[in-house]
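Here is the structure we will look at, set down as structure tokens.
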Amino acid sequence: MSWMTKDWTQGELNALVKKIGGEEVARGVLNDSLLFKIEKSTVPPLLDVIGTHLVLATTSPIFGIEKFKLKKDGGICSYLGDNFRSWFLGKTEDPKSETTLRSARLTRNSPDKPILETLGDKAETSLAEMFAMMEVQADGKGGNLLVNGYANIFYVKDSTGMLRAVYAHWFGVGWGVHAGSVGGPSGWRDGGRVFSRNS
């Protein structure tokens, strides 16, 4: 909510301005810089942390083409997007030790760039971690992944080492998996869930 649209009481506004403005307020100066500080202080963080999730170690290499299979081929997926097929089905990942992922809810619509800036060096996850979480909810029941049609977003390097936005959503009777560039202007709906490394 913007500071301009909130219904402030005079006491609330005075307290906020005093807290943020310091000496400027003492001099009675309410300038653009101070207004920007007030505006910034009332905007919620982009990512609202939900919790952490343990992902067990893998003991053998992960092959994208072996894990991400359609249901008709014995897998748990109902749909695989063209980009995902092209960029990830040829990828191999070495065995991974046990990891902990963090999940967060998007509090507003956003393209990838601000999300990646918020996550910093914790952004990158793996196919193995993503698939492990999907497999736990192969039947579409509730769990750590959203199954209401909203995106579960992971940032994973493709077979060429390029970081991509990979997302899974529950697609009726199985998982739909897609991938896209992280540099585009299009964004994610608020309420989507973002997964990143916890440490």
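What follows is calculated from the coordinates using simple rules that are stated; it is not laboratory data. Quantities reported herein were computed from a predicted structural model and do not represent experimental measurements. Cβ coordinates were reconstructed from backbone atoms using ideal geometry, including for glycine residues, and neighbour counts include every protein chain displayed.
Side notes on the structure shown:
- Spin-label proximity, THR52 to region 77-101 - amide N less than 18 Å from point 7 Å beyond Cα toward beta carbon: 97-101
- Label-point separation, ASP139 to ASN198 (7 Å along Cα→Cβ), nm: 2.6
- Listed residue (ILE50, ASN83, GLY174) projecting farthest to the positive dipole end of region 47-197, Cβ model: GLY174
- Dipole size of region 47-197 about its Cα centre, with +1 on Lys/Arg Cβ and -1 on Asp/Glu Cβ: approximately 260 debye, rounded to the nearest 20.
- Net charge dipole size for region 115-199 [Lys, Arg +1 and Asp, Glu -1 on Cβ; Debye, nearest 20]: 80
- Relative to the current alpha-carbon distance between SER86 and PHE171, full extension at 0.36 nm per residue lengthens the span by 28.6 nm.
- With a cut-off of 18 Å on the backbone N, the residues of region 171-194 near the modelled label site 7 Å out from THR118 along Cα-Cβ are 182-194.
- Exposure proxy ranking for ASP190, ASP112, based on other Cβ atoms within 10 angstrom of each Cβ and starting from the fewest, stands as ASP190, ASP112.
- Neighbour-limited loop hits for trypsin sites (Lys or Arg not before Pro), region 132-199 (at most 12 other Cβ within 10 Å; DSSP other than H, G, I, E, B): LYS141, ARG189
- Per residue, the convex hull spanned by the alpha carbons of region 45-91 comes to 151 Å³.
- Modelled FRET efficiency - R0 45 Å, SER97 with SER186, Cβ distances, 0.05 increments: 0.80
- Residue pairs exceeding 23 angstrom between C-alpha atoms, taken from LYS71/LYS157; LYS67/LYS141; LYS69/LYS96: LYS71/LYS157.
- Spin-label model, THR59/ARG108: points 7 Å from Cα along the beta carbon direction are separated by 4.8 nm.
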